[in-house]
Amino acid sequence: MTPFFFIILAGFAVFCAISLVSQTHPIASALSLVGVMGALAVLYLQLGAEFIAAAQMIVYAGAIMVLFVFVIMLLNAGAEQEARRVSRLARFTGMLLMAVFLGIISLTIQAQFPKMGGVTFGAWVGGTAQEIGVLLFTTYLLPFEVTSVLILIALVGAIVLARKEI
Amino acid sequence: MNLWLIPAFPLLGFLLNGLFGRRFSKPLINLIAVGSVMLSFLWVLKTLNGLYPIEQPHLEHYFTWIQSGSLNISVDFGVDRLTAVFLLIVTGVGLLIHTYAMGYMEHEGGYYRFFAYLNLFMFFMLTLVLAHNYLLLFVGWEGVGLCSYLLIGFYFLEKFATDAGNKAFIVNRIGDFGFSLGAFLIFKQFGSLDFTQVFEGANKMPVENSFGLMTGICLLLLLGATGKSAQIPLYVWLPDAMAGPTPVSALIHAATMVTAGVYMVARSSALFLHAPIAMDTVAVIGLATAFLAATIGLTQFDIKKVFAYSTVSQLGYMFLGCGVGAFSAGIFHVMTHAFFKALLFLGAGAVIHGLSGEQDLRKMGGLAKYMPITCATLAAASLAIAGVPFLSGAASKDLILEAAYQHAPWMYWVAVFTAGLTAFYVWRAWFMAFTGEYRGKKQDEHADAGHGHGGHGHGQPHESPFVMTGPLIALALLSLGGGFLSVTKWLEPMFALHEEAVPFMIRLMPAVMAFGGIFLAFVFYYLKPGLADSFAGAFGGLYRLVFDKYRIDEFYNAVVVEPVIQGSRTVLWKGVDAGGIDGAVNGLGRLSRGTGSILRLMQSGSIRAYAAWVVFGSVLVILAIGVAGGLR
Amino acid sequence: MPALPFPDSVPLSWYLILSAVLFCLGIAGFVYRRNVITVFMSIELMLNAVNLTFITFSYKLKHIDGHIFAFFVMVVAAAEAAVGLAIILTVFKNRHTLLIDEVNTLKW
């Protein structure tokens, strides 16, 4: 079962990614990105990372992408004009080269990490919230606190930057 | 005994007058300047009184100055019999000249500066004389050279004065180079620069009859002495140094600084006695200088220049005395020379002062009735320098001549002929100045001719005030009676004087020459004034050569000065400095700018280009890590 | 496609391949697109790809540190998105354009 779901999800993720890169309208790109994130969340679940999967959906897809969409709507960004006339031949060659490139990468990775074992859904359930919480508040306490400061800075920065008089 | 007080008083005077003199009144400046020298003189008397009869040198160690490896130099002052003579000369004659200068410089600007420099000079000269090692002596040596430069160029707004100061300093430096090399060799050979150790070491060495280390050392020291004491080949600065005020000429270029070379040679007698070749060189140089300078002095018309060449000539006698082994005779001549030469210069200064700046003998004449005291004192000095028997000059000069005869008779004959020339030119100056009719400007003209001495527009030649004539009288008495001071006997423990019998004729020759010279001068310049000019006309070419100082200055200029200037200009300035160093620095700047202007093209402003560079760079990094074997 | 070692498991390398593919697509978008918001979203895509790699290795090593790292990446991405979008807004207000080619006056 797991391979089956993996192939579907992976295909969906790649499809959305290509769509993200090639769509003209930013809204379409944003929605494609949401699609990628969703696929990835399920993949995280397969890998036993429950908490991260949830966080991905809530934070990434739920908050950050919504922010993106809000900004696109605010700026009234329209479809991108095709300023450069790329010939069909060039476009076809580019895509072919991209495919070849990705193929090379895949083969390289496959050669490098051949027998690493497999992933089965449910084989490892170590990614619970409890475990992450324990680690976060003991070993990684300092990064955690620093992160809170980081968020504060981002908050202040965003507010300052978005004021009227700048 | 607190020997350090002797130079300390003038140093204090220098500091007070130099730093604050601008705000002092003239009487206060006088008090500080002359007072400090007076205190120094009194302290010298007290010290010598306490140390009499100075059988052993009295040393005082103050502190260690340099301690570096095996080099150990400390500040030591030492008084022995030789030092005692010099201390008395420097402080005594110095005191008289300071007193004189109060009157002479009355109307000059920069009054406090003059006395500050003069005090500084006294400090350095006393350090030189009291020093007990070569390095401390060198400190004083350099210091008096500095003060000489400062004082020659005292009227610094006149170009020829500053040129003369430069010339003096630069020529001195050539000599100092020789002195330094000599000191280095001394240290190498004896491991120390302290007099006691060096001379003990030297006395253990054999007499060097061929050219060896000792001869080398002595010749190098001699080079230094020729620079400071104006001998061949480095005498050219002394006549030009007359650009300074007359008290400076008297103190520095007659009585004290120029004798530093003689002092140094006498002090190093232990070294010189072990190098006969060097001694001969000293004697020959002294003799040649004496003769050369005397011939030039015959033709000069500037009264100070006549006396300047006379100084060079008499210094030659001192070197001759040291060179033939009669060190004490040479030192004796230093003392008597200090008396009569200082008197001659101060008298010349009085004349110049009285004539409001005139220095040309041809414009003087018949001054006897205007300035009787000056006339009489200068006559005394001229008698002394001429070598009239029983006076100071004759006493010392005759000893030198006798020693020369014992060493090598030909030296004696040249020297005694020069003595005749000396008598002649000195009395020529006296007759031209004081007898006959007054040939100068009369009272309705403001004389501002002459070098440096600003006239106060009196017009009528007049006698100087007592503050100036007083020292003249004192020096005249010393010139007349100084011969009876038995300096040679005093110095006998240090420099043995071999007194052999000389033929009576030889003993008489100097007196004959003296009277002969005076008589000839009398004939040429009093009885038949036109005779001198017709004589000069008859020997046209030779006369012009001698008058132009044998064109030695021009020779040096062409052979040494011009090439150095041209070389500096083309090679060092344009080549090395402007081309090399500036080129390198500017080139670096240009390189920076060039590289920068190429690199800045990357800053195209296009964000996508930057993004592409980021990707490219990161790919490179990953490749590099991969090639290097991963991050394991 | 290579034979599966276990019928019910996915080879771990496939996850890495997927991550690499997504990352490369993200770079392509980052370099290729002209609209600044799209560029930004490509950056988010890259970050996601990296997150996947972390989780994958965390599974392999049976260590939860990878999850923590992915967590922090998410936090930073959030902060960066906030501030970045604020900057985009400001630039838009001044330049009235969303095309990064036209924001190019910071040059020599």
With contacts defined as alpha carbon pairs under 8 Å and 6 or more residues apart, what's the relative contact order of segment A:1-156 in percent?
27
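Work out, step by step, the length gained on full extension between residue B:25 and residue B:618: first 0.36 nm times the residue separation, then minus their alpha carbon distance; give nm to one decimal. Each step should come with its number before you reach the end.
On the way: separation 593, 0.36 × 593 = 213.48 nm, distance 8.25 nm.
Contour length minus Cα-Cα distance gives 205.2 nm.
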Translational diffusion coefficient, Stokes-Einstein: compute it for segment B:89-153 using the Kirkwood radius over C-alpha pairs as Rh, at 25 °C and 0.890 mPa s, and state it as an integer in µm² s⁻¹.
197
Scoring only Lys, Arg, Asp and Glu (+1, +1, -1, -1) among other residues with Cβ under 12 Å from the Cβ of residue B:223 yields +1
What does the net charge come to around residue C:58 if you take all other residues with beta carbon closer than 13 Å to its beta carbon, with K and R at +1 and D and E at -1?
-1
Per-residue Cβ counts within 10 Å, from other chains only, averaged over B:612-624: what number is that?
1
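So, counting K/R as plus one and D/E as minus one, what does the shell of residues with Cβ under 14 Å around residue B:202 add up to? Before the final figure, lay out the partial values.
On the way: positive: B:188, B:204, B:267; negative: B:194, B:200, B:208.
Local net charge: 0.
Under the rule that an exposed site lies in a DSSP loop and has at most 14 other Cβ atoms within 10 Å, name the longest stretch of chain A with no GluC sites (Glu not before Pro) of that kind, not counting the sites themselves.
A:83-164
Other chains' Cβ within 10 Å of C:86-95 residues: what's the mean?
Working: counts 10, 4, 4, 7, 5, 1, 5, 4, 1, 0.
That average works out to 4.
When each pair of different Cα atoms in the protein assembly as shown is counted once in the 1/r mean, what is the Kirkwood radius in angstroms, to one decimal?
Numbers: mean 1/r = 0.0278 Å⁻¹.
One decimal place: 35.9 Å for the Kirkwood radius.
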Estimated inter-spin distance, residue C:94 and residue B:196, nm [label 7 Å along Cα→Cβ]
8.4
Would you kindly work out the equivalent ellipsoid of segment C:18-108 from its C-alpha gyration tensor and give its semi-axes, the square roots of five times the eigenvalues, largest first in whole Å?
32, 15, 8
Per-residue ellipticity at 222 nm attributable to helices in the protein assembly as shown (runs of n ≥ 4 DSSP H, -39500 (n - 2.57) apiece, nearest 500 deg cm²/dmol) works out to -22000 deg cm²/dmol
Going through the DSSP H helices of chain B, which span 24 Å or more along their own axis at the Cα atoms while scoring at least -1.0 as a mean Kyte-Doolittle hydropathy?
B:26-51, B:111-130, B:134-152, B:159-190, B:276-299, B:303-323, B:327-354, B:409-434, B:504-522, B:582-599, B:607-627
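What's the exposure ranking of A:155, A:20, B:135, going from fewest to most Cβ atoms within 10 Å?
Numbers: A:155 13, A:20 28, B:135 19.
Going from sparsest to densest Cβ surroundings: A:155, B:135, A:20.
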Could you pull out every whole DSSP H run in chain C that spans at least 20 Å of Cα extent along its own axis and averages 1.6 or higher on the Kyte-Doolittle scale?
C:12-32
Defining a contact as two alpha carbons under 8 Å apart and six or more residues distant in sequence, what relative contact order in percent does chain B show?
12
Taking the simple approach of a point 7 Å from Cα along Cα-to-Cβ for both residue A:76 and residue B:545, what is their distance in nm?
11.1
Highest-first arrangement of A:118-129, B:209-220, where packing means the average Cβ count within 10 Å
B:209-220, A:118-129
Pick out which of C:25, C:12, C:52 has the largest mean-square fluctuation in a Gaussian network model of chain C, springs linking Cα atoms closer than 10 Å.
C:12
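Any chance you could tell me what percent of the C-alpha pair distances in segment B:519-632 go past 22 Å? If you can, show how the numbers build up before the last one.
Working: 4740 of 6441 pairs.
I get 74 percent for the Cα pairs in segment B:519-632 exceeding 22 Å.
Rounded to a whole number, what is D in µm²/s for segment B:578-632 from Stokes-Einstein with the Kirkwood radius over alpha-carbon pairs (10 °C, 1.306 mPa s)? Please report the intermediate quantities before stating the final value.
Details: Rh = 14.5 Å.
Calculated translational D: 110 µm²/s.
Tell me, what is the percent relative contact order of segment C:34-102, built from C-alpha pairs under 8 Å that lie six or more residues apart?
Relative contact order here is 47 percent.
On a full-extension model of 0.36 nm per residue, what is the gain between residue B:610 and residue B:576, subtracting their alpha-carbon distance, rounded to one decimal in nm? Spell out each step's value before the answer.
Details: separation 34, 0.36 × 34 = 12.24 nm, distance 4.54 nm.
Separation in residues times 0.36 nm, less the Cα-Cα distance, equals 7.7 nm.
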In which sequence would B:490, B:65 go, from the one with the fewest C-beta neighbours within 10 Å to the one with the most?
B:65, B:490
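Using only Cα atoms, figure out Rg for chain B and give it as a multiple of 2.2 N^0.38 Å. Display every interim value, and only then the final one.
Details: Rg = 30.2 Å, N = 632, 2.2 N^0.38 = 25.5 Å.
Chain B yields a ratio of 1.18.
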Please arrange C:96, B:337, B:353, B:107 by counting, for each residue, the other beta carbons lying within 10 Å of its beta carbon, fewest first.
C:96, B:107, B:353, B:337
For chain A, return all DSSP H helices satisfying: extent of Cα atoms along own axis at least 27 Å; mean Kyte-Doolittle hydropathy at least -0.5.
A:2-22, A:26-46, A:88-112, A:141-161
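Using R₀ = 41 Å, calculate the FRET efficiency as 1/(1 + (r/R₀)^6) where r is the Cβ-Cβ separation of residue A:25 and residue A:146; round to 0.05.
Numbers: r = 38 Å, r/R0 = 0.93.
Calculated transfer efficiency: 0.60.
Just so you know, all these numbers are worked out from the coordinates, no wet-lab data involved. In this text, all values refer to a predicted model and were calculated from it rather than measured experimentally. Quick reminder, even Gly has a Cβ in these numbers, built from the backbone with ideal geometry, and neighbours come from all protein chains shown.
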